[in-house]
Amino acid sequence: MSGTIPSWVRTFAVCGVLGLIQTDALADDAASEHHAHAAKRTTISTTQQYAIPQIRLIRDDGVGVSLPAEMDDGRPVVVNFIFTTCGSICPLMSQVFGQFQRKLDTDARQPHLLSISTDPEEDTPGKLRQYAQRFGARDGWNHYTGTVEASQSAQRAFDVYRGDKMSHTPVTLMRAAPGRPWLRIEGFLTPDELLQRYRQLLSTG
């Protein structure tokens, strides 16, 4: 996938939950700014404390890892939950992560981006690598799979489990450092808004 985001779909079904979402093309700065204002009206941000479960996942390079170790390596973290066969909100969230990562090129504190699969039976490490390539993932953005139990444990720990993969909603989670509170953002973000929220989070500790 190229570095630019194509025009977003104007009306779509959100992984089984029908919803109308009005969007504008992110072709230039003016359009991006307009969409950011729209996103601010439809996102909900809260500060939360989450206990990271002691589970093991499989990273997209095929290596088994501890989720607490991946999240507590000293870097800020930005997390979402996706699955590779999703045709609506997951591609949108992954497009945002890809653009966000590219916009961070000049930032001194690079975050660790984690995308955890809600469909681990289908999402092998190989499929996650292909999915990551579609959205231009660079070093520092990893995708994870594992057992169904491990995936659901991660989803429940961050209060995103909705019973099945088709019923999930867009949630982005950010934390500045181990032991710090999490910023939970529900709803769709643009890359510029995500970048703004990330920098604000770091500036406040």
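The values are calculated or read from the model by the stated rules, or taken from the named source; none is laboratory data. Since the model is a prediction, treat every value here as computed from it, not as a measurement. Quick reminder, even Gly has a Cβ in these numbers, built from the backbone with ideal geometry, and neighbours come from all protein chains shown. With ligands, DNA and RNA removed, areas are computed over all heavy atoms of the protein, side chains included. Shrake-Rupley method; radii C 1.70, N 1.55, O 1.52, S 1.80 Å.
Values computed for the structure shown
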read-out: Hits in the range 138-173 (condition: within 14 Å of the chain's Cα centre (by Cα), of a type in the set (S, T, N, Q) and not in a loop (DSSP other than H, G, I, E, B)); value: ASN142, GLN155, THR172
read-out: Residue in the range 162-172 that is at pLDDT below 95 and touching a helix residue (DSSP H, G or I) at 6+ places or on another chain (Cβ under 7 Å) present; value: no
read-out: Tally, over the range 55-103, of residues that are over 16 Å from the mean Cα position of the chain (by Cα) and in a strand (DSSP E or B); value: 6
read-out: Failed condition for GLU193, given (1) modelled with pLDDT under 95; (2) farther than 22 Å from GLY74 by Cα; value: (1)
read-out: Those residues of the range 159-205 which are β-branched (Val, Ile, Thr), open to solvent by less than 40 Å² (accessible area, probe 1.4 Å) and either under 21 Å from LYS103 (Cα atoms) or touching a Lys or Arg at 6+ places or on another chain (Cβ under 8 Å) (or both), in sequence order; value: VAL171, THR172, ILE185, THR190
read-out: Considering residues of the range 106-132 that are among the polar types (S, T, N, Q) and assigned to a strand (DSSP E or B) only, the residue farthest from the chain's Cα centre (by Cα); value: SER117
read-out: Any chance MET174 is touching a Gly at 6+ places or on another chain (Cβ under 7 Å), touching a residue at least 24 places away in the same chain (Cβ under 8 Å) and either within 29 Å of GLN200 (Cβ to Cβ) or among the aliphatic types (A, V, I, L, M) (or both); value: no
read-out: Pairs, first over 19 Å from GLN110 (Cα atoms) in the range 123-148, second at pLDDT below 95, C-beta under 9 Å, six or more apart; value: GLN133/MET1; ARG134/MET1
read-out: Residue among LYS103, LYS127 that alone is among the basic types (Lys, Arg) and either in contact with a His (Cβ under 7 Å, 6 or more places away or on another chain) or more than 10 Å from ASP60 (Cβ to Cβ) (or both); value: LYS103
read-out: Residues that are closer than 15 Å to THR118 by Cα and open to solvent by less than 60 Å² (accessible area, probe 1.4 Å), drawn from the range 46-63; value: ILE55, LEU57, ARG59, ASP60
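One line per residue, one yes/no per condition, for (1) open to solvent by 20 Å² or more (accessible area, probe 1.4 Å); (2) without any contact (Cβ under 8 Å) to a residue 60 or more places away in the chain; (3) aromatic (Phe, Trp, Tyr); (4) in contact with a Phe, Trp or Tyr (Cβ under 9 Å, 6 or more places away or on another chain):
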site: PHE81; (1), (2), (3), (4): no, no, yes, yes
site: ILE89; (1), (2), (3), (4): no, no, no, yes
site: GLN95; (1), (2), (3), (4): yes, no, no, yes
site: GLY98; (1), (2), (3), (4): no, no, no, yes
site: THR106; (1), (2), (3), (4): yes, yes, no, no
site: PRO111; (1), (2), (3), (4): no, no, no, yes
site: LEU114; (1), (2), (3), (4): no, yes, no, yes
